[in-house]
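Q: Below is one structure. I have some questions about it.
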Amino acid sequence: MSDAAPRVVLVTGGSRGIGLAVARRFQDLGDHVAVTYNSSPPPDGIFGVRCDVTDMAQVDAAFAAVEAEFGSAVEVLVSNAGITRDGLLLRMGEDDFTSVIDANLTAAFRVTKRAAQGMLRARRGRVILVSSVVGLLGAGGQANYAASKAGLVGFARSLARELGSRSITVNVVAPGPVETDMTAALGDKRIGEIINAVPLGRMATADEIAGVIAFLASADAAYITGAVIPVDGGLGMGH
């Protein structure tokens, strides 16, 4: 995949946080960028499509809208959309578990399956799935979230084998704690506890996650597939 020509990039959950940083990074590279969102649209200058990634019909419609806007199939897919519904096991309802699996794992299946149609025809493509250090390390109160994020690893590695002969790479980025509006709401005490557990002694910025994702979509990463890249300040090392 050449870095010279503008590519069509789709980032799910791209209206804020990591997703928005990723969208802006690809825009800075000169690519044609679209994002999906559920409630809050992206800032002006980024093409956004409202899409509930738990609904295959909405996923199909979103891809069709992106293809119509840019006149080409999606060449780089970043599956970033996700939710949390934390709770201890005995207090976790079945819907709390299945809804997180659906939004974080099954949704990645939906968007990747749809993107693969165009990638297979073009005989090239990049798929990057956003997991989490929690999927490798585990976390009390996050059995549903950890299961969904761990599942992305097996999903990606299976697809890396399945799609590799068509020059389609599939990789996983596993961020640790990241400075976002969501983490800012945790309060100083909890943020301090999180930082103390990270060997580098700080949270990541969303731009640092975006940089790794952009690398995996670049020509320099053409021979990387089925990989899990931790961007976690050393929090999950050894897993």
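Q: Take the alpha-carbon centre of the range 40-98, take the same for the range 18-36, and report the distance between them in whole Å.
A: 15 Å
Q: Roughly how compact is the range 173-228, stated as its Cα Rg over 2.2 N^0.38 Å to two decimals? Write down the numbers at each step before the final one.
A: Values: Rg = 14.1 Å, N = 56, 2.2 N^0.38 = 10.2 Å.
The reported ratio for this selection is 1.39.
Q: Round to a whole number: what % of the accessible area of the chain belongs to carbon and sulfur, probe 1.4 Å?
A: 52 percent
Q: Shifting gears a bit: So if R0 is 22 Å, what FRET efficiency would Lys113 and Ile224 give, r being the distance between their Cβ atoms, rounded to the nearest 0.05?
A: Details: r = 22 Å, r/R0 = 0.99.
According to the calculation, E is roughly 0.50.
Q: State in Å² the accessible area per residue of the chain; use a 1.4 Å probe, count heavy atoms of protein chains only, and round to the nearest integer. Let's see the in-between values first.
A: On the way: 11310 Å² over 239 residues.
Using a 1.4 Å probe on heavy atoms only, each residue of the chain averages 47 Å².
Q: To the nearest 500 deg cm²/dmol, what mean residue ellipticity at 222 nm is calculated for the chain from DSSP H runs of n ≥ 4 alone, each contributing -39,500 (n - 2.57), summed and divided by the residues?
A: After summing the helix terms and dividing by residue count, I get -13000 deg cm²/dmol.
Q: Defining a contact as two alpha carbons under 8 Å apart and six or more residues distant in sequence, what relative contact order in percent does the chain show?
A: The normalised contact order for the chain reaches 20 percent.
Q: Continuing with the same structure: Provide the FRET efficiency to the nearest 0.05 for the Ser72-Arg50 pair, computing r from the beta carbons and using R0 = 22 Å.
A: Efficiency at R0 = 22 Å is approximately 0.55.
Q: Between the range 179-239 and the range 106-153, what's the alpha-carbon centroid distance in Å?
A: The range 179-239 and the range 106-153 have Cα centres spaced 16 Å from each other.
Q: How big is the convex hull of the Cα atoms of the chain, per residue, in Å³?
A: 123 Å³
Q: Each residue of the range 86-103 in order: what ³J(HN,Hα) in whole Hz does its phi give by Karplus 6.51 cos²θ - 1.76 cosθ + 1.60, θ = phi - 60°, with x for Gly and Pro?
A: Calculated HN-Hα couplings, in order: 6, x, 5, 3, 6, 9, 8, x, 4, 5, 4, 6, 5, 5, 5, 4, 5, 6 Hz.
Q: Kindly write out, for the range 184-197 in residue order, the coupling ³J(HN,Hα) from the Karplus curve 6.51 cos²θ - 1.76 cosθ + 1.60 (θ = phi - 60°), rounded to whole Hz, with x marking Gly and Pro.
A: Values per residue, Gly and Pro as x: 4, 6, 6, x, 4, 5, 5, 4, x, 5, 5, 4, 5, 7 Hz.
Q: Let me ask you something else. Tell me the Kirkwood hydrodynamic radius of the range 1-121 in angstroms, computed as one over the mean inverse distance between distinct C-alpha pairs.
A: Values: mean 1/r = 0.0672 Å⁻¹.
Computed over Cα pairs of the range 1-121, the Kirkwood hydrodynamic radius comes out at 14.9 Å.
The values are calculated or read from the model by the stated rules, or taken from the named source; none is laboratory data. None of these values were measured; they are calculated from a predicted model. Glycine gets a Cβ as well: all are built from the backbone with ideal geometry, and neighbour counts include every protein chain shown. These area figures cover heavy atoms from the full protein model, side chains too; ligands, DNA and RNA do not enter into them. Shrake-Rupley method; radii C 1.70, N 1.55, O 1.52, S 1.80 Å.
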